[in-house]
Structures are given as C-alpha cells and as structure tokens.
Amino acid sequence: MASPRPALLAVLLTGALWAPGAAWAQAVSLAGVLGSKALLVVDGSAPRGVAAGETHQGVKVLSVGRDEAVIEIKGTRSTVRLGEAPVSVGARAGGGRKIVLMSDSRGHFVNQGLINGRVMQFMVDTGATTVAIGKPDADRMGLEYQTGQPVRMNTANGVAQGWRIRLNSVRIGEVEVFNVDAIVTPQAMPYVLLGNSFLGSFQMTRNNDQMVLEKRH
C-alpha cells in the first residue's frame with residue numbers, strides 16, 4: 001500500500017467512542033491537515049479534505065488548526081487531533097443492505113471499515129474461510145483474542161499459534177454484520193482479510209472493477 005504524501009501529515013487514527021443512547025456512533029478520524037483543510041475519514045470512507053464551514057457526510061468542520069480540527073455532528077461538537085484517539089459522535093443506524101466496492105490498480109478490493117467500532121483497513125479475500133486479522137491490528141483494536149480458541153498456523157517462520165475468536169460486529173459503510181468468526185494470526189498483515197465468515201452474508205456480484213455485496217434476507 002502506497003504511503004500518503006508527507007504534505008498530508010498523515011497519521012491515520014483508529015478507534016471509536018459510543019454516543020450515549022446511540023444504536024451506532026458515527027466514527028470520525030483525522031488523517032491529516034492539508035493547508036486549510038482537514039482530511040477526515042468518516043465511517044471508514046476515503047479521506048476527504050474539508051474546510052471550515054463545509055460539511056462532509058453529516059460532519060461539519062468548524063475550524064482547522066495545525067494538527068487538529070473542531071467538528072460538529074447533529075449539534076454535538078468534538079475535537080479530533082493528530083496523534084490522539086479519534087472520536088465518534090452522533091448516531092447512524094447500520095441498517096444498510098448493499099456495499100459497492102471498486103478495485104485498485106492491482107485488482108484488489110481494499111477499503112476501510114469498522115470491527116467492534118474500531119477503524120480497520122481491509123481487503124476482500126474470497127478464498128479465505130474466515131476474517132483474518134494480524135496480531136498487531138488485533139492489539140490496536142483491543143480484541144481480547146487471548147481468550148479465544150488456540151489454533152496452530154503455518155507461517156514463514158514455521159508453525160505458530162493463532163487464535164479463533166468471534167467479532168461482535170463488522171461494518172462497512174452503512175452495512176453491519178454481527179457475530180462474525182475470525183482468526184487472529186501471529187504475524188502482522190497489511191490488511192484485515194475479509195473472508196467468507198463475513199462475505200457469506202451477502203450475494204456477491206462482480207462486474208469488471210466493481211464488486212457489489214447485497215445482504216441476504
């Protein structure tokens with residue numbers, strides 16, 4: 001995965017807080033500051049430059065500093081900062097049924113989503129039985145994989161121990177799937193692999209560089 005340009009001051013932040021009483025908190029991360037614009041990641045979407053006074057996906061930017069931005073969602077103000085945990089405010093129901101993904105230059109479907117409310121970078125892998133998460137990402141997302149079922153896995157350095165766990169939720173855009181089986185691998189991976197424990201909940205249609213996942217009834 002190509003590194004962001006230095007000018008973006010890119011520090012991709014992860015995590016989410018729950019808005020009181022909300023069925024789902026809208027995750028907002030600050031990926032960097034470019035001139036007078038804040039590079040916002042909203043609910044796992046691609047970073048978008050938003051200037052003070054502008055609104056993106058329901059998130060209004062009130063001011064932009066050197067390494068922070070003040071945002072407002074549904075009347076609630078919060079500050080997102082580079083190098084600190086991101087915030088989630090407001091509420092958005094995860095009741096969507098369709099995910100539309102576009103492939104990258106290598107033909108891979110890579111994007112961002114949420115696992116248990118924490119931001120992750122994923123790649124669709126139709127050949128994988130379950131969702132697969134590298135140990136560093138699992139640690140970052142606060143997954144308690146040590147209490148999961150130990151499994152033996154073949155790695156480049158020989159046989160190592162992984163863990164089988166169940167994720168409370170996996171969300172992409174407005175679509176959410178609950179109780180998803182996953183494997184935490186002992187080695188780091190560039191992406192979370194979305195395998196069939198998640199994909200099996202959808203009817204999949206592939207058309208050139210576009211993949212449509214429509215949730216089964």
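Restricting to segment 179-217, what's the tally of residues that are within 17 Å of Ile99 (Cα to Cα) and among the hydroxyl-bearing types (Ser, Thr, Tyr)?
Looking only at that region, the number is 3.
Restricting segment 97-156 to residues that are over 16 Å from Ala188 (Cβ atoms) and basic (Lys, Arg), which is nearest to the chain's Cα centre (by Cα)?
That would be Arg118.
Where residues in segment 40-56 are of a type in the set (A, V, I, L, M) and at pLDDT 90 or above, which of them is nearest to the chain's Cα centre (by Cα)?
Among residues in segment 40-56 that are of a type in the set (A, V, I, L, M) and at pLDDT 90 or above, the one nearest to the chain's Cα centre (by Cα) is Val50.
What residue, of Met153, Met123, Met204, is under 28 Å from Gly58 (Cα atoms) and not acidic (Asp, Glu)?
The match here is Met123.
Residues that are among the hydroxyl-bearing types (Ser, Thr, Tyr) and within 20 Å of Val119 (Cβ to Cβ), at least 3 per element: which strands (runs of 3 or more DSSP E) completely within segment 39-83 meet that?
The qualifying strands (runs of 3 or more DSSP E) are 76-81.
I'd like the residue in segment 57-101 that is crowded, with 18+ Cβ neighbours inside 10 Å and at pLDDT 85 or above and, out of all such residues, is farthest from Asn168 (Cα to Cα).
Checking each candidate, the answer is Val64.
I'm trying to understand the selection: among the residues of segment 114-140, which are touching a helix residue (DSSP H, G or I) at 6+ places or on another chain (Cβ under 9 Å) and not in a strand (DSSP E or B)?
Within segment 114-140, Asp125, Thr126, Gly127, Ala128, Thr129, Thr130, Lys135, Ala138, Asp139 meet the criteria.
State the number of residues belonging to segment 28-56 that are buried (at least 20 other Cβ atoms within 10 Å of the Cβ) and small (Gly, Ala, Ser).
Counting residues in segment 28-56 that are buried (at least 20 other Cβ atoms within 10 Å of the Cβ) and small (Gly, Ala, Ser) gives 4.
The values are calculated or read from the model by the stated rules, or taken from the named source; none is laboratory data. All figures in this text were calculated on a predicted structure; none of them were measured in a lab. Here Cβ is always computed from backbone atoms with ideal geometry, including for glycine, and neighbour counts include all displayed protein chains.
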